[in-house]
Amino acid sequence: MSVFQFRLDGSSGVPPYLQLVQQVRQGLLLGHLRSGDQLPTVKEVVASLAINPNTVVKAYRQLEHEGMVNARPGQGTFITASIEPVAPGPYARLRHSLEQWVRDAHAAGLDDETVTAMFASVHSELRTEGAA
Amino acid sequence: MSTALETRDLGMRYGRKWALRGCSLRLPTGSVIALVGPNGAGKTTLLQLITGLLRPTEGTVEVLGRDARTGSAEALAQVGFVAQEHPLYRGMSVADLLRMGRSLNLRWDRPMAERRLADVGIPLTQRAGALSGGQQAQVALALALAKRPALLVLDEPLANLDPIARRDFMRTVMVAVAEDEVTVLLSSHVIADLQAVCDQLVLLKDGSLQLAGAIDDVLAGHRILTGPRTDAEPPVPGLVRATHSDRHTDLLVRTGTDRPEFHPAWRSHPVGLEELILAYLEQPTEIAR
(Lines give C-alpha, C1' and ligand atoms only; values in the text may rest on other atoms or scores of the structure.)
Protein backbone atom coordinates (compact mmCIF):
# COMPACT_ATOMS: atom_id res chain seq x y z
CA MET A 1 0.00 0.00 0.00
CA SER A 2 1.47 3.28 -1.08
CA VAL A 3 1.59 6.28 1.21
CA PHE A 4 0.59 8.62 -1.58
CA GLN A 5 -2.54 9.01 -3.66
CA PHE A 6 -2.75 11.10 -6.84
CA ARG A 7 -5.79 13.11 -7.91
CA LEU A 8 -6.77 14.40 -11.34
CA ASP A 9 -8.73 17.56 -12.07
CA GLY A 10 -10.07 17.38 -15.61
CA SER A 11 -11.24 21.00 -15.64
CA SER A 12 -8.07 22.67 -14.37
CA GLY A 13 -6.48 23.14 -17.80
CA VAL A 14 -3.14 21.91 -16.38
CA PRO A 15 -1.82 18.96 -18.43
CA PRO A 16 -2.33 15.68 -16.51
CA TYR A 17 1.40 14.81 -16.30
CA LEU A 18 2.09 18.23 -14.78
CA GLN A 19 -0.69 17.74 -12.23
CA LEU A 20 1.05 14.57 -11.05
CA VAL A 21 4.44 16.32 -10.89
CA GLN A 22 2.97 19.24 -8.95
CA GLN A 23 1.26 16.95 -6.45
CA VAL A 24 4.55 15.25 -5.59
CA ARG A 25 6.27 18.62 -5.26
CA GLN A 26 3.46 19.89 -3.06
CA GLY A 27 3.52 16.68 -1.00
CA LEU A 28 7.20 17.28 -0.32
CA LEU A 29 6.63 20.92 0.56
CA LEU A 30 3.82 20.11 2.95
CA GLY A 31 5.73 17.21 4.47
CA HIS A 32 3.28 14.48 3.34
CA LEU A 33 6.13 12.87 1.44
CA ARG A 34 9.58 12.20 2.81
CA SER A 35 12.80 10.76 1.47
CA GLY A 36 12.47 6.97 1.12
CA ASP A 37 8.69 6.97 0.58
CA GLN A 38 7.49 4.85 -2.31
CA LEU A 39 5.21 6.32 -4.99
CA PRO A 40 2.42 4.13 -6.38
CA THR A 41 3.43 1.98 -9.35
CA VAL A 42 2.43 3.11 -12.84
CA LYS A 43 -0.23 0.39 -12.96
CA GLU A 44 -1.68 1.48 -9.60
CA VAL A 45 -1.98 5.08 -10.78
CA VAL A 46 -3.52 3.96 -14.08
CA ALA A 47 -6.08 1.77 -12.30
CA SER A 48 -7.06 4.41 -9.77
CA LEU A 49 -7.27 7.44 -12.10
CA ALA A 50 -8.14 5.83 -15.47
CA ILE A 51 -5.19 7.74 -16.91
CA ASN A 52 -2.87 6.96 -19.83
CA PRO A 53 0.17 4.97 -18.55
CA ASN A 54 2.43 7.02 -20.85
CA THR A 55 1.37 10.13 -18.91
CA VAL A 56 2.36 8.56 -15.58
CA VAL A 57 5.69 7.40 -17.03
CA LYS A 58 6.30 10.92 -18.32
CA ALA A 59 5.54 12.46 -14.91
CA TYR A 60 7.85 10.01 -13.13
CA ARG A 61 10.59 10.65 -15.66
CA GLN A 62 10.27 14.39 -15.09
CA LEU A 63 10.43 13.90 -11.31
CA GLU A 64 13.53 11.76 -11.74
CA HIS A 65 15.07 14.39 -14.01
CA GLU A 66 14.44 17.00 -11.32
CA GLY A 67 16.15 14.75 -8.79
CA MET A 68 13.09 14.25 -6.62
CA VAL A 69 12.65 10.52 -7.14
CA ASN A 70 14.72 7.49 -7.97
CA ALA A 71 13.35 4.61 -10.05
CA ARG A 72 14.74 1.27 -8.86
CA PRO A 73 14.12 -1.39 -11.52
CA GLY A 74 11.82 -4.13 -10.25
CA GLN A 75 11.17 -2.34 -6.98
CA GLY A 76 9.44 0.93 -7.71
CA THR A 77 9.85 4.67 -7.59
CA PHE A 78 11.12 6.24 -4.38
CA ILE A 79 11.38 9.78 -3.09
CA THR A 80 15.03 10.79 -2.78
CA ALA A 81 14.91 14.52 -2.26
CA SER A 82 13.25 16.46 0.45
CA ILE A 83 12.42 20.00 -0.51
CA GLU A 84 13.40 22.29 2.34
CA PRO A 85 10.21 23.79 3.69
CA VAL A 86 10.31 27.58 3.48
CA ALA A 87 12.33 28.97 6.41
CA PRO A 88 10.17 30.52 9.16
CA GLY A 89 11.59 34.05 8.69
CA PRO A 90 10.89 34.50 4.94
CA TYR A 91 7.61 32.58 5.31
CA ALA A 92 6.26 35.02 7.93
CA ARG A 93 7.49 38.04 5.98
CA LEU A 94 5.91 36.89 2.66
CA ARG A 95 2.69 35.95 4.36
CA HIS A 96 2.52 39.30 6.11
CA SER A 97 3.00 41.31 2.90
CA LEU A 98 0.43 39.15 1.09
CA GLU A 99 -2.08 39.70 3.90
CA GLN A 100 -1.47 43.43 3.63
CA TRP A 101 -2.01 43.31 -0.13
CA VAL A 102 -5.27 41.33 0.15
CA ARG A 103 -6.54 43.80 2.77
CA ASP A 104 -5.71 46.72 0.46
CA ALA A 105 -7.48 44.98 -2.42
CA HIS A 106 -10.64 44.43 -0.38
CA ALA A 107 -10.51 48.02 0.88
CA ALA A 108 -10.35 49.15 -2.76
CA GLY A 109 -13.57 47.20 -3.41
CA LEU A 110 -12.12 44.19 -5.29
CA ASP A 111 -14.10 40.99 -4.84
CA ASP A 112 -12.53 37.54 -4.25
CA GLU A 113 -12.69 36.57 -7.88
CA THR A 114 -10.90 39.72 -9.03
CA VAL A 115 -8.22 39.26 -6.39
CA THR A 116 -7.57 35.69 -7.56
CA ALA A 117 -7.61 36.72 -11.23
CA MET A 118 -5.17 39.54 -10.57
CA PHE A 119 -2.75 37.24 -8.74
CA ALA A 120 -2.96 34.62 -11.51
CA SER A 121 -2.45 37.26 -14.20
CA VAL A 122 0.62 38.83 -12.53
CA HIS A 123 2.06 35.41 -11.77
CA SER A 124 1.68 34.13 -15.34
CA GLU A 125 3.03 37.42 -16.76
CA LEU A 126 6.18 37.21 -14.66
CA ARG A 127 6.57 33.54 -15.51
CA THR A 128 6.36 34.10 -19.30
CA GLU A 129 9.00 36.81 -18.89
CA GLY A 130 11.18 34.29 -17.08
CA ALA A 131 11.30 36.49 -13.99
CA ALA A 132 9.57 34.07 -11.61
CA MET B 1 9.67 3.96 -31.85
CA SER B 2 7.94 1.44 -34.11
CA THR B 3 4.86 2.20 -36.16
CA ALA B 4 1.48 0.73 -35.22
CA LEU B 5 -0.51 2.28 -37.99
CA GLU B 6 0.43 3.85 -41.29
CA THR B 7 -1.79 5.19 -44.05
CA ARG B 8 -0.63 6.75 -47.32
CA ASP B 9 -2.92 8.93 -49.42
CA LEU B 10 -5.83 6.93 -48.13
CA GLY B 11 -9.15 7.74 -49.78
CA MET B 12 -12.69 6.36 -49.78
CA ARG B 13 -15.41 7.43 -52.18
CA TYR B 14 -19.10 6.62 -51.92
CA GLY B 15 -20.65 7.25 -55.33
CA ARG B 16 -19.39 10.71 -56.27
CA LYS B 17 -18.66 11.88 -52.75
CA TRP B 18 -15.29 11.42 -51.07
CA ALA B 19 -15.81 10.49 -47.41
CA LEU B 20 -12.05 10.60 -46.86
CA ARG B 21 -9.22 11.74 -49.08
CA GLY B 22 -5.45 12.21 -49.02
CA CYS B 23 -5.07 10.87 -45.52
CA SER B 24 -1.44 10.08 -44.65
CA LEU B 25 -0.72 9.12 -41.06
CA ARG B 26 2.00 7.39 -39.08
CA LEU B 27 1.26 6.55 -35.45
CA PRO B 28 3.63 4.94 -32.92
CA THR B 29 2.97 1.68 -31.06
CA GLY B 30 1.93 1.91 -27.43
CA SER B 31 0.18 5.23 -27.95
CA VAL B 32 -3.43 6.14 -27.26
CA ILE B 33 -4.77 8.06 -30.23
CA ALA B 34 -7.77 10.37 -30.17
CA LEU B 35 -9.63 10.66 -33.48
CA VAL B 36 -11.82 13.75 -33.39
CA GLY B 37 -13.98 15.62 -35.87
CA PRO B 38 -17.58 16.69 -36.41
CA ASN B 39 -20.27 14.32 -37.67
CA GLY B 40 -19.60 13.39 -41.28
CA ALA B 41 -15.88 14.20 -41.03
CA GLY B 42 -14.89 10.68 -42.08
CA LYS B 43 -14.00 9.24 -38.65
CA THR B 44 -16.02 6.04 -38.93
CA THR B 45 -14.87 5.57 -42.55
CA LEU B 46 -11.23 5.81 -41.43
CA LEU B 47 -11.81 3.34 -38.58
CA GLN B 48 -13.53 0.87 -40.90
CA LEU B 49 -10.68 1.10 -43.42
CA ILE B 50 -8.20 0.36 -40.61
CA THR B 51 -10.19 -2.62 -39.32
CA GLY B 52 -10.55 -4.05 -42.84
CA LEU B 53 -14.34 -3.64 -42.90
CA LEU B 54 -14.01 -1.35 -45.93
CA ARG B 55 -11.61 -1.48 -48.87
CA PRO B 56 -10.19 1.91 -49.80
CA THR B 57 -10.86 3.55 -53.18
CA GLU B 58 -7.22 4.66 -53.22
CA GLY B 59 -4.11 4.63 -51.05
CA THR B 60 -2.77 2.11 -48.55
CA VAL B 61 -3.33 1.24 -44.91
CA GLU B 62 -0.99 -0.92 -42.82
CA VAL B 63 -1.38 -2.16 -39.26
CA LEU B 64 1.98 -3.22 -37.80
CA GLY B 65 3.34 -3.56 -41.31
CA ARG B 66 0.48 -5.80 -42.53
CA ASP B 67 -1.74 -4.61 -45.34
CA ALA B 68 -5.20 -4.14 -43.81
CA ARG B 69 -6.88 -4.15 -47.23
CA THR B 70 -6.52 -7.87 -47.80
CA GLY B 71 -8.85 -8.89 -44.97
CA SER B 72 -6.58 -11.89 -44.26
CA ALA B 73 -7.11 -13.78 -41.00
CA GLU B 74 -3.69 -12.62 -39.75
CA ALA B 75 -4.48 -8.99 -40.49
CA LEU B 76 -7.85 -9.25 -38.76
CA ALA B 77 -6.43 -11.10 -35.75
CA GLN B 78 -4.24 -8.20 -34.72
CA VAL B 79 -7.06 -5.65 -34.60
CA GLY B 80 -9.76 -5.54 -31.91
CA PHE B 81 -12.80 -3.44 -32.76
CA VAL B 82 -15.69 -2.15 -30.68
CA ALA B 83 -18.29 -0.55 -32.95
CA GLN B 84 -20.57 2.33 -31.99
CA GLU B 85 -23.22 1.37 -29.43
CA HIS B 86 -21.06 -1.71 -28.68
CA PRO B 87 -23.50 -4.21 -30.22
CA LEU B 88 -23.87 -7.71 -28.67
CA TYR B 89 -26.18 -10.65 -29.35
CA ARG B 90 -28.74 -9.71 -26.72
CA GLY B 91 -30.23 -13.19 -26.28
CA MET B 92 -26.89 -14.84 -25.54
CA SER B 93 -25.29 -15.11 -22.11
CA VAL B 94 -21.88 -13.58 -21.48
CA ALA B 95 -20.42 -17.12 -21.30
CA ASP B 96 -21.98 -17.94 -24.71
CA LEU B 97 -20.41 -14.81 -26.21
CA LEU B 98 -17.00 -15.85 -24.86
CA ARG B 99 -17.44 -19.36 -26.28
CA MET B 100 -18.42 -17.94 -29.67
CA GLY B 101 -15.40 -15.63 -29.64
CA ARG B 102 -13.12 -18.60 -29.10
CA SER B 103 -14.36 -20.38 -32.20
CA LEU B 104 -14.25 -17.24 -34.37
CA ASN B 105 -10.73 -16.09 -33.56
CA LEU B 106 -7.17 -17.32 -34.11
CA ARG B 107 -6.06 -16.20 -30.66
CA TRP B 108 -8.40 -16.16 -27.68
CA ASP B 109 -7.47 -15.45 -24.08
CA ARG B 110 -10.55 -16.57 -22.20
CA PRO B 111 -9.05 -16.50 -18.66
CA MET B 112 -8.06 -12.87 -19.18
CA ALA B 113 -11.55 -11.94 -20.42
CA GLU B 114 -13.14 -13.70 -17.42
CA ARG B 115 -10.81 -11.93 -15.02
CA ARG B 116 -11.65 -8.54 -16.58
CA LEU B 117 -15.37 -9.23 -16.33
CA ALA B 118 -15.02 -10.42 -12.72
CA ASP B 119 -13.13 -7.21 -11.92
CA VAL B 120 -16.11 -5.13 -12.99
CA GLY B 121 -18.65 -7.49 -11.37
CA ILE B 122 -20.35 -8.93 -14.48
CA PRO B 123 -21.66 -12.51 -13.99
CA LEU B 124 -20.99 -14.87 -16.93
CA THR B 125 -24.47 -16.38 -16.65
CA GLN B 126 -26.20 -13.05 -17.34
CA ARG B 127 -27.97 -12.54 -20.65
CA ALA B 128 -26.30 -9.70 -22.61
CA GLY B 129 -29.64 -7.97 -23.20
CA ALA B 130 -30.28 -7.78 -19.45
CA LEU B 131 -27.05 -5.88 -18.72
CA SER B 132 -26.88 -2.11 -18.25
CA GLY B 133 -25.38 0.05 -21.02
CA GLY B 134 -22.12 0.41 -19.12
CA GLN B 135 -21.91 -3.36 -18.54
CA GLN B 136 -22.62 -4.10 -22.22
CA ALA B 137 -19.77 -1.76 -23.14
CA GLN B 138 -17.49 -3.64 -20.74
CA VAL B 139 -18.48 -7.00 -22.27
CA ALA B 140 -17.85 -5.70 -25.82
CA LEU B 141 -14.46 -4.42 -24.65
CA ALA B 142 -13.55 -7.69 -22.91
CA LEU B 143 -14.42 -9.60 -26.12
CA ALA B 144 -12.28 -7.26 -28.25
CA LEU B 145 -9.34 -7.55 -25.82
CA ALA B 146 -9.64 -11.34 -25.57
CA LYS B 147 -8.20 -11.49 -29.11
CA ARG B 148 -5.00 -10.02 -27.64
CA PRO B 149 -5.00 -7.41 -30.40
CA ALA B 150 -1.98 -5.22 -31.10
CA LEU B 151 -4.36 -2.42 -32.05
CA LEU B 152 -7.66 -1.75 -30.30
CA VAL B 153 -10.10 0.41 -32.27
CA LEU B 154 -13.02 2.01 -30.43
CA ASP B 155 -15.70 3.94 -32.33
CA GLU B 156 -17.35 6.49 -30.01
CA PRO B 157 -16.91 4.23 -26.98
CA LEU B 158 -18.12 6.80 -24.45
CA ALA B 159 -21.31 7.93 -26.18
CA ASN B 160 -24.46 6.94 -24.22
CA LEU B 161 -22.48 6.05 -21.09
CA ASP B 162 -22.96 7.82 -17.77
CA PRO B 163 -19.91 9.41 -16.12
CA ILE B 164 -19.17 6.44 -13.84
CA ALA B 165 -19.48 3.96 -16.73
CA ARG B 166 -17.20 6.19 -18.82
CA ARG B 167 -14.53 6.22 -16.16
CA ASP B 168 -14.81 2.44 -15.60
CA PHE B 169 -14.60 1.79 -19.35
CA MET B 170 -11.53 3.99 -19.82
CA ARG B 171 -9.94 2.47 -16.73
CA THR B 172 -10.19 -1.00 -18.32
CA VAL B 173 -8.71 0.36 -21.57
CA MET B 174 -5.85 2.15 -19.78
CA VAL B 175 -4.98 -0.93 -17.70
CA ALA B 176 -4.86 -2.93 -20.96
CA VAL B 177 -2.43 -0.35 -22.37
CA ALA B 178 -0.25 -0.67 -19.26
CA GLU B 179 -0.36 -4.48 -19.05
CA ASP B 180 -0.49 -5.63 -22.67
CA GLU B 181 1.06 -2.64 -24.46
CA VAL B 182 -1.88 -2.49 -26.82
CA THR B 183 -2.10 0.58 -29.08
CA VAL B 184 -5.50 2.27 -28.87
CA LEU B 185 -7.29 4.34 -31.50
CA LEU B 186 -10.56 5.87 -30.32
CA SER B 187 -12.96 8.32 -31.86
CA SER B 188 -14.89 10.62 -29.59
CA HIS B 189 -17.11 13.66 -29.35
CA VAL B 190 -16.36 14.02 -25.66
CA ILE B 191 -13.28 16.19 -25.98
CA ALA B 192 -13.01 16.92 -22.25
CA ASP B 193 -12.51 13.22 -21.51
CA LEU B 194 -9.57 12.87 -23.89
CA GLN B 195 -6.73 14.73 -22.22
CA ALA B 196 -6.10 12.25 -19.42
CA VAL B 197 -6.25 9.24 -21.71
CA CYS B 198 -4.81 10.19 -25.11
CA ASP B 199 -1.28 11.12 -26.14
CA GLN B 200 -1.78 11.44 -29.91
CA LEU B 201 -4.34 13.52 -31.77
CA VAL B 202 -5.80 13.03 -35.24
CA LEU B 203 -8.25 15.72 -36.32
CA LEU B 204 -10.47 15.17 -39.35
CA LYS B 205 -12.85 17.58 -41.02
CA ASP B 206 -14.81 17.24 -44.24
CA GLY B 207 -12.92 14.07 -45.11
CA SER B 208 -9.47 15.59 -44.83
CA LEU B 209 -6.77 15.55 -42.19
CA GLN B 210 -6.39 18.87 -40.34
CA LEU B 211 -3.91 17.99 -37.65
CA ALA B 212 -1.99 14.90 -36.50
CA GLY B 213 0.74 14.36 -33.94
CA ALA B 214 1.68 13.96 -30.29
CA ILE B 215 -0.69 16.09 -28.18
CA ASP B 216 2.22 17.67 -26.26
CA ASP B 217 3.89 18.72 -29.54
CA VAL B 218 0.63 20.00 -30.99
CA LEU B 219 -0.09 22.11 -27.89
CA ALA B 220 3.50 23.40 -27.77
CA GLY B 221 3.20 24.38 -31.44
CA HIS B 222 0.25 26.73 -30.89
CA ARG B 223 -0.21 29.96 -28.93
CA ILE B 224 -3.09 32.28 -28.17
CA LEU B 225 -2.24 35.95 -28.79
CA THR B 226 -4.44 38.48 -27.03
CA GLY B 227 -4.36 42.15 -27.95
CA PRO B 228 -6.40 45.25 -28.73
CA ARG B 229 -9.32 44.71 -31.04
CA THR B 230 -8.53 44.80 -34.74
CA ASP B 231 -11.32 44.61 -37.29
CA ALA B 232 -9.07 43.75 -40.17
CA GLU B 233 -7.92 40.14 -40.22
CA PRO B 234 -4.38 40.48 -38.84
CA PRO B 235 -1.72 39.20 -41.27
CA VAL B 236 -0.22 36.71 -38.82
CA PRO B 237 1.50 33.68 -40.31
CA GLY B 238 -0.09 30.42 -39.20
CA LEU B 239 -3.35 32.03 -38.08
CA VAL B 240 -5.90 29.35 -37.28
CA ARG B 241 -8.73 31.41 -35.87
CA ALA B 242 -9.41 34.98 -34.80
CA THR B 243 -12.15 35.78 -32.29
CA HIS B 244 -13.17 39.33 -31.48
CA SER B 245 -14.89 40.84 -28.49
CA ASP B 246 -15.71 44.54 -28.03
CA ARG B 247 -12.30 45.47 -26.72
CA HIS B 248 -9.87 42.74 -27.67
CA THR B 249 -9.01 40.11 -30.22
CA ASP B 250 -7.78 36.56 -29.56
CA LEU B 251 -5.72 34.86 -32.22
CA LEU B 252 -4.90 31.17 -32.26
CA VAL B 253 -1.69 30.74 -34.22
CA ARG B 254 0.42 27.80 -35.21
CA THR B 255 3.98 28.65 -34.27
CA GLY B 256 7.29 27.02 -33.56
CA THR B 257 8.57 29.48 -31.00
CA ASP B 258 7.20 30.46 -27.64
CA ARG B 259 6.72 34.07 -28.66
CA PRO B 260 6.03 34.74 -32.31
CA GLU B 261 7.19 38.03 -33.78
CA PHE B 262 4.27 40.32 -33.25
CA HIS B 263 3.42 43.69 -31.83
CA PRO B 264 4.57 43.96 -28.18
CA ALA B 265 1.06 45.01 -27.11
CA TRP B 266 0.00 41.41 -27.82
CA ARG B 267 0.28 38.90 -24.99
CA SER B 268 0.97 35.26 -25.70
CA HIS B 269 -0.57 32.33 -23.74
CA PRO B 270 -0.50 28.57 -24.07
CA VAL B 271 -3.63 26.92 -25.43
CA GLY B 272 -5.63 24.06 -23.89
CA LEU B 273 -6.53 20.89 -25.81
CA GLU B 274 -10.27 21.51 -25.87
CA GLU B 275 -9.89 25.12 -27.02
CA LEU B 276 -7.46 24.06 -29.75
CA ILE B 277 -9.71 21.29 -31.08
CA LEU B 278 -12.77 23.54 -31.09
CA ALA B 279 -10.86 26.26 -32.95
CA TYR B 280 -9.88 23.84 -35.70
CA LEU B 281 -13.38 22.41 -35.94
CA GLU B 282 -14.95 25.87 -36.22
CA GLN B 283 -12.63 27.42 -38.77
CA PRO B 284 -13.41 27.38 -42.49
CA THR B 285 -11.56 24.42 -43.98
CA GLU B 286 -9.47 26.31 -46.54
CA ILE B 287 -7.38 28.15 -43.91
CA ALA B 288 -6.20 24.87 -42.48
CA ARG B 289 -3.25 24.20 -44.73
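The values are calculated or read from the model by the stated rules, or taken from the named source; none is laboratory data. Just so it is clear, the model here is predicted, and its values are computed rather than measured. No Cβ is skipped: glycine too gets one built from the backbone with ideal geometry, and neighbour counts run over all protein chains shown. Note: areas computed on protein heavy atoms with side chains; ligands, DNA, RNA excluded. Shrake-Rupley method; radii C 1.70, N 1.55, O 1.52, S 1.80 Å.
Table for the structure above
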read-out: Per-residue mean of C-beta atoms belonging to partner chains within 10 Å, peptide B:195-207; value: 3
read-out: Accessible area of A:Tyr91 in the full protein assembly, 1.4 Å probe (Å², nearest 10); value: 120 Å²
read-out: Spin-label zone in the stretch B:130-155 - amide nitrogen under 13 Å from a point set 7 Å from the Cα of B:Gln84 along the C-beta vector; value: B:155
read-out: R0 of 56 Å, Cβ-Cβ distance A:Leu98-B:Ser72: FRET efficiency to nearest 0.05; value: 0.25
read-out: The protein assembly as shown, helix-only ellipticity at 222 nm - DSSP H runs n ≥ 4, -39,500 (n - 2.57), divided by all residues, nearest 500; value: -11500 deg cm²/dmol
read-out: Listed residues B:Ala95, B:Ala137, B:Ala265, most fluctuating in chain B (Gaussian network, C-alpha, under 10 Å); value: B:Ala265
read-out: Average partner coverage of A:10-16, which counts Cβ from other chains inside 10 Å; value: 4
read-out: Gyration tensor verdict on the stretch B:55-141 (Cα atoms; rounded if a/c is under 1.5, prolate if a/b is larger than b/c, oblate otherwise); value: prolate
read-out: Largest-first principal axis extents, alpha carbons of the stretch B:81-185, Å; value: 33, 31, 23
read-out: Separation between Cα centres of the stretch B:40-91 and the stretch B:175-240, rounded to whole Å; value: 23 Å
read-out: Antiparallel DSSP beta bridges within the protein assembly as shown, percent to nearest 5; value: 70 percent
read-out: Residue among B:Asp246, B:Asp162, B:Asp96 with the largest mean-square fluctuation in a Gaussian network model of chain B, springs linking Cα atoms under 10 Å; value: B:Asp246
read-out: Centroid-to-centroid separation of the stretch A:63-129 and the stretch A:1-56 [C-alpha atoms, Å]; value: 18 Å
read-out: Spin-label pair B:Glu58/B:Glu181, simplified geometry with 7 Å Cα→Cβ offset, distance in nm; value: 3.7 nm
read-out: Choice from A:Ser35, A:Ser12, A:Ser121 with maximal GNM fluctuation in chain A (Cα, 10 Å cutoff); value: A:Ser121
read-out: Theoretical FRET efficiency, 1/(1+(r/R0)^6), r = Cβ-Cβ of B:His189 and A:Leu126, R0 35 Å, to 0.05; value: 0.40
read-out: On Cα atoms only, tilt of B:273-282 relative to the major axis of chain B in degrees; value: 80 degrees
read-out: Rounded if a/c under 1.5, otherwise prolate or oblate - the stretch B:3-212, Cα gyration tensor axes; value: prolate
read-out: Overall form of the protein assembly as shown per C-alpha gyration tensor (a/c, 1.5; a/b vs b/c); value: oblate
read-out: Lysines whose Cα lies under 21 Å from that of A:Lys43, excluding same-chain neighbours fewer than 8 positions away; value: A:Lys58
read-out: Sequence-distant residues sharing a close amide H with B:Thr249 (under 5 Å, placed H); value: B:Gly227, B:Arg229, B:Thr230
read-out: Linear extension gain, A:Arg7 paired with A:Gln22, 0.36 nm per residue minus alpha-carbon span; value: 4.3 nm
read-out: Per-peptide average of other Cβ atoms within 10 Å, ordering B:12-22, A:92-102 highest first; value: B:12-22, A:92-102
read-out: Under 5 Å, built H, 5+ apart or other chain: amide partners of B:Leu211; value: B:Leu203
read-out: Approximate spin-label separation B:Ala95-B:Ser132, in nm, with each point projected 7 Å along Cα-to-Cβ; value: 2.4 nm
read-out: Heavy-atom accessible area ranking, 1.4 Å probe, most first, across B:Thr57, B:Thr249; value: B:Thr57, B:Thr249
read-out: Straight-distance crosslink candidates among lysines, where the alpha carbon sits under 27 Å from B:Lys17 and sequence neighbours closer than 8 are dropped; value: B:Lys43, B:Lys205
read-out: Tilt relative to chain B, helix B:110-119 - C-alpha long axis, 0 to 90 degrees, to 10; value: 70 degrees
read-out: Rounded to 10°, Cα long-axis angle of helix B:94-104 versus longest principal axis of chain B; value: 90 degrees
